[in-house]
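The values are calculated or read from the model by the stated rules, or taken from the named source; none is laboratory data. Values in this document were obtained by computation on a predicted structure and should not be read as measured data. Positions of Cβ are generated from backbone atoms using ideal geometry, with glycine treated the same way; all protein chains shown enter the neighbour counts.
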Amino acid sequence: MPGRNSNLIPPQRIGIMGGSFDPIHIGHLKVAEAARTAMKLQKVIFVTAHCPPHKSPEQLSPVQHRHAMVELAVKDMPRFEPSCIEAELSCPTYAGDTIRYYKQAMGNAGELFFITGFDALLTISNWDQSRTYPGICRFVAAVRPGCDVEKIKKRIPVDFLSHVTILEEPYLSISSTDIRSRVKAHRSIEGMVPEAVQQYIFSNNLYLN
């Protein structure tokens, strides 16, 4: 992908956390840190999705706002890195292209981990060229504590099962949808997003319409 720069120096263990981040919230950060610790990752790169195929552009805030909030959320976290590499691409944008880009940048000696929620993992067989992913990266799927892990593993496509690590994360109860609804209703989002993100939302009058 032309125009993309990378500071990756193989061999490394790198996590990619892609998402709409509309807005990024504490749950995203907690899942990323849990994955970083569990998988011994050098860093986690937060890739703001430009226009994912399962959402229309009208459903999302402008990518510039969403990426700015990601930058604010991780600015004091040296193991977390924001990336807007998808913003320069035409719609729709696919996670698979991002995965392949970072894998190529890392080289064969590096290990790549794609961090996502379990529900998103279940749709992975519908992702663009998804059958090639297991040869490129591993997956870290977050679930709420108390889930029957063995039972939910049976729902994962067989092609992916040996490439998936399940992590329990209590902060999955926080959702971007709920945050947007709260802002629109003038309800508190204290503790749901980093303070800098909260200030950005209010300063830019996001989610009021």
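The set of residues in segment 14-59 that are part of a loop (DSSP other than H, G, I, E, B) and surrounded by fewer than 18 Cβ atoms within 10 Å (Cβ to Cβ) comprises Lys40, Gln42, Pro53, His54, Lys55, Ser56. Of the residues contained in segment 136-155, one or more are found to be under 20 Å from the mean Cα position of the chain (by Cα), more than 15 Å from Gly117 (Cα to Cα) and either outside any loop (DSSP other than H, G, I, E, B) or among the hydrophobic types (A, V, I, L, M, F, W, C) (or both).
Regarding Arg100, is this residue of a type in the set (Lys, Arg), in a helix (DSSP H, G or I) and in contact with a helix residue (DSSP H, G or I) (Cβ under 9 Å, 6 or more places away or on another chain)? Give the derivation first.
Working: of a type in the set (Lys, Arg): yes; in a helix (DSSP H, G or I): yes; in contact with a helix residue (DSSP H, G or I) (Cβ under 9 Å, 6 or more places away or on another chain): yes.
So Arg100 passes the test.
Could you please find all residues in segment 64-87 being in contact with a strand residue (DSSP E or B) (Cβ under 7 Å, 6 or more places away or on another chain), part of a helix (DSSP H, G or I), crowded, with 20+ Cβ neighbours inside 10 Å and not β-branched (Val, Ile, Thr)? Once the filter is applied, which keeps residues that are in contact with a strand residue (DSSP E or B) (Cβ under 7 Å, 6 or more places away or on another chain), part of a helix (DSSP H, G or I), crowded, with 20+ Cβ neighbours inside 10 Å and not β-branched (Val, Ile, Thr), segment 64-87 yields Arg66, His67, Glu86. Of the residues making up segment 168-186, those that are under 20 Å from Arg36 (Cα atoms), within 15 Å of the chain's Cα centre (by Cα) and in a helix (DSSP H, G or I) are Tyr171, Leu172. Of all residues in segment 85-104, none are at pLDDT 95 or above and over 15 Å from the mean Cα position of the chain (by Cα). If you go through segment 187-209 and keep only what is assigned to a helix (DSSP H, G or I), of a type in the set (A, V, I, L, M) and either surrounded by fewer than 20 Cβ atoms within 10 Å (Cβ to Cβ) or at positive phi (or both), you end up with just Ala196. Screening Thr48, Thr37 for residues that are modelled with pLDDT of 95 or more, among the polar types (S, T, N, Q) and farther than 15 Å from Arg138 by Cβ leaves exactly one candidate, Thr37. Quick check: is even one residue across segment 122-132 touching a helix residue (DSSP H, G or I) at 6+ places or on another chain (Cβ under 8 Å), at pLDDT below 80 and over 27 Å from Leu60 (Cβ atoms)? Yes, segment 122-132 contains at least one residue that is touching a helix residue (DSSP H, G or I) at 6+ places or on another chain (Cβ under 8 Å), at pLDDT below 80 and over 27 Å from Leu60 (Cβ atoms).
Beta carbons closer than 8 Å, at least 6 apart along the sequence or on distinct chains, pair a first residue in segment 182-197 that is over 15 Å from Gly27 (Cβ atoms) with a second that is part of a loop (DSSP other than H, G, I, E, B) for Val183/Ile189; Val183/Leu206; Val183/Tyr207; Val183/Leu208; Lys184/Tyr207; Lys184/Leu208; Lys184/Asn209; Ala196/Lys75.
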